[in-house]
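The values are calculated or read from the model by the stated rules, or taken from the named source; none is laboratory data. Everything numeric here is computed off the predicted structure, so don't read it as measured data. All Cβ positions, even for glycine, are placed from backbone atoms using ideal geometry, and neighbour counts span all protein chains on display. When the accessible area is computed, the model is the full protein with side chains, heavy atoms only, and any ligands, DNA or RNA have been set aside. Shrake-Rupley method; radii C 1.70, N 1.55, O 1.52, S 1.80 Å.
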Amino acid sequence: MHVLAVEHNGFAAERLVGCTRRLGYRATLVHSGRQALSSFDDSDLILLGLDLPDIDGLDVCRRIRAAGDIPIIAFSAGNSEADRVLGLKAGADDCMGKPYGLRELAARMEALLRRTGTARDGGTLQHGALRIDPALRQVAVGRRPVTLTRKEFDLLHLLASNPDRVFTREELMARVWQDTGAVARRSSRASRTLDTHVGTLRQKIGSGGSIITVRGVGFRLGFDESHALAS
């Protein structure tokens, strides 16, 4: 899992990233609100310090929440109930005051991921050699694990949940990227984003499955049934 840590204080940032990596997560650190807003897209969890140097952390939290349902743990500069309530009202799933204990943070991270994973995803999907575990957000082709970014996983999971359905480009942009304006705009940027993710998924999945282009419509998922699960 990929965790985005947003913290401008150097010492606090080191502790945050160190704790995250010791738990076995891949961590990316950014130091400002602008960096957070430009890089949160592929994260599975966001650890958001609200005392940022450039943009109000509460506003950053609201904008990330408006863009999707990525789990957020916020850290308020103060440790009062009022500070924590503001973080929760801004869209955080959990809010801790500073200073915080790393063992408590680790427990809250695991609880939040467990809770949101269960609420958001159904059971394991398996089609031919392709196996998708939504709760753990893990993908494998046969015995080979496949590492995906958040959006790659969301795109693949959507297609695999409806293997006989052709999704239009506009539907995929709206449901995976929450870009409802793509229908009206048909923007070249949105199209390039989708094509890039489809191309990367095709490379990563290989012969265990394929994303089929339906010309003039969109994409659907196809499977190579001859690719043995034991491969």
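For the stretch 127-169, name all the residues that are outside any strand (DSSP E or B), touching a Pro at 6+ places or on another chain (Cβ under 9 Å) and crowded, with 16+ Cβ neighbours inside 10 Å.
PHE153, HIS157
Give the residue that is modelled with the lowest pLDDT, with candidates limited to residues of the stretch 181-213 that are among the hydrophobic types (A, V, I, L, M, F, W, C) and open to solvent by less than 40 Å² (accessible area, probe 1.4 Å).
ALA182
Among the residues of the stretch 68-109, write down those that are under 24 Å from ASP154 (Cα atoms) and not in a helix (DSSP H, G or I).
GLY68, ASP69, ILE70, PRO71, ILE72, ILE73, ALA74, GLY91, ALA92, ASP93, ASP94
Please determine whether any residue of the stretch 15-26 is of a type in the set (Phe, Trp, Tyr) and closer than 26 Å to VAL139 by Cα.
Checked against the condition, which is being of a type in the set (Phe, Trp, Tyr) and closer than 26 Å to VAL139 by Cα, the stretch 15-26 yields at least one hit.
Residue by residue through the stretch 66-92, note down the ones that are open to solvent by 60 Å² or more (accessible area, probe 1.4 Å) and over 22 Å from GLY18 (Cα atoms).
Selection gives ALA66, ASP69, ASN79, GLU81, ALA82, ARG84, LEU86, LEU88, LYS89.
Taking the criterion of being under 16 Å from the mean Cα position of the chain (by Cα), within 20 Å of ALA111 (Cβ to Cβ), modelled with pLDDT of 95 or more and not in a helix (DSSP H, G or I), would at least one residue in the stretch 47-58 satisfy it?
Yes, the stretch 47-58 contains at least one residue that is under 16 Å from the mean Cα position of the chain (by Cα), within 20 Å of ALA111 (Cβ to Cβ), modelled with pLDDT of 95 or more and not in a helix (DSSP H, G or I).
Step by step: first the residues of the stretch 12-46, then only those that are among the polar types (S, T, N, Q) and not in a helix (DSSP H, G or I), then the one that is farthest from THR147 (Cα to Cα). Which residue is that?
Checking each candidate, the answer is SER32.
Suppose we keep only residues that are free of Cβ contacts under 8 Å to residues at least 60 places away in the same chain, closer than 17 Å to ASP69 by Cα and touching a strand residue (DSSP E or B) at 6+ places or on another chain (Cβ under 9 Å) within the stretch 7-46. Which one would you say is surrounded by the fewest Cβ atoms within 10 Å (Cβ to Cβ)?
Only one residue tops the list, namely SER38.
What are the residue pairs meeting all of these: first residue in the stretch 85-98, first residue at positive phi, second residue part of a helix (DSSP H, G or I) and open to solvent by less than 50 Å² (accessible area, probe 1.4 Å), Cβ atoms under 9 Å, and 6 or more apart or on different chains?
GLY91/LEU58; GLY91/CYS61; GLY91/ILE64
From the list THR149, THR168, THR124, which one is touching a residue at least 60 places away in the same chain (Cβ under 8 Å) and polar (S, T, N, Q)?
THR149
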